[in-house]
Amino acid sequence: MSTEQMSIGEMLAATVPMARTLNLEFGETSPERAVVSLPDQGDFHNHVGGPHAGAMFTLGESASGAIVLAAFGDQLSRAVPLAVRADIAYKKLAMGPVKAIATLGRPVADVVAELDEGKRPEFPVAIEIRREDGAVTGEMTVVWTLRPNS
């Protein structure tokens, strides 16, 4: 299967080793929202039996990457998306499978306009990490940039 035929989730699973290692499941992926799930796996549990903080961070970062590719995939010939910084807050105990829901913090058109002006735009992606019962167990922000190729 060529990358032109792959979904964003399939592409990330094929090219990002941590996504494969954690068996992340890519659900909805659009420029407005990305949803990625981390199955309950004993190999990635912490000392209290839930998903390890590092696994939850990777889940959230992967969801942010999925929405970035959905929103700016048409810009890859002229810019490389790069994570600039990330912040995560663990709110409640996460047990069982968890899901990350990512939303883009700036309009796509505004970011592309900055890129068109020769700038290196930055934009936040907000992520909520939720248990199956809907409780928010973590909140995360990843700030991304589009680095022009030249």
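The values are calculated or read from the model by the stated rules, or taken from the named source; none is laboratory data. Just so we're clear, the structure is a prediction, and the values are computed from it rather than from any experiment. Glycine gets a Cβ as well: all are built from the backbone with ideal geometry, and neighbour counts include every protein chain shown. Ligands, DNA and RNA are excluded from the accessible area calculation, which covers all protein heavy atoms including side chains. Shrake-Rupley method; radii C 1.70, N 1.55, O 1.52, S 1.80 Å.
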Within the range 60-69, residues being under 15 Å from Val143 (Cβ atoms) and open to solvent by 20 Å² or more (accessible area, probe 1.4 Å) number 1
Of the residues in the range 1-40, those that are loosely packed, with under 13 Cβ neighbours inside 10 Å and within 12 Å of Thr58 (Cβ to Cβ) come to Pro17, Arg20, Thr21
Picked from the range 41-54 (must be in contact (Cβ under 8 Å) with a residue 24 or more places away in the chain, assigned to a loop (DSSP other than H, G, I, E, B) and not β-branched (Val, Ile, Thr)), the residue surrounded by the most Cβ atoms within 10 Å (Cβ to Cβ) is Gly50
Conditions (1) at pLDDT below 95; (2) closer than 29 Å to Pro121 by Cβ -> Gln75 fails only (1)
So the strands (runs of 3 or more DSSP E) completely within the range 78-146 holding 2 or more residues that are crowded, with 20+ Cβ neighbours inside 10 Å are 98-104, 122-131
Of the conditions (1) closer than 21 Å to Glu122 by Cα; (2) more than 14 Å from the chain's Cα centre (by Cα), the single one that Asn46 does not satisfy is (1)
Pairs returned, first residue in the range 89-108 that is touching a residue at least 60 places away in the same chain (Cβ under 8 Å), second residue that is hydroxyl-bearing (Ser, Thr, Tyr) and in a strand (DSSP E or B), beta-carbon separation under 9 angstrom, 6 or more apart or interchain, are Pro97/Ser37; Val98/Ser37; Val98/Thr137; Lys99/Ser37; Ala100/Ser37
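Check Phe72, Phe57 and return the single one that is under 30 Å from Asp110 (Cβ atoms) and either open to solvent by 50 Å² or more (accessible area, probe 1.4 Å) or not in a helix (DSSP H, G or I) (or both). It would help to see each step written out before you state the result.
Details: Phe72 fails: either open to solvent by 50 Å² or more (accessible area, probe 1.4 Å) or not in a helix (DSSP H, G or I) (or both).
Testing whether each residue is under 30 Å from Asp110 (Cβ atoms) and either open to solvent by 50 Å² or more (accessible area, probe 1.4 Å) or not in a helix (DSSP H, G or I) (or both) leaves just Phe57.
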- prompt: Quick one: is Ser62 under 23 Å from Thr145 (Cβ atoms) and either part of a loop (DSSP other than H, G, I, E, B) or at pLDDT below 95 (or both)?
  reply: no
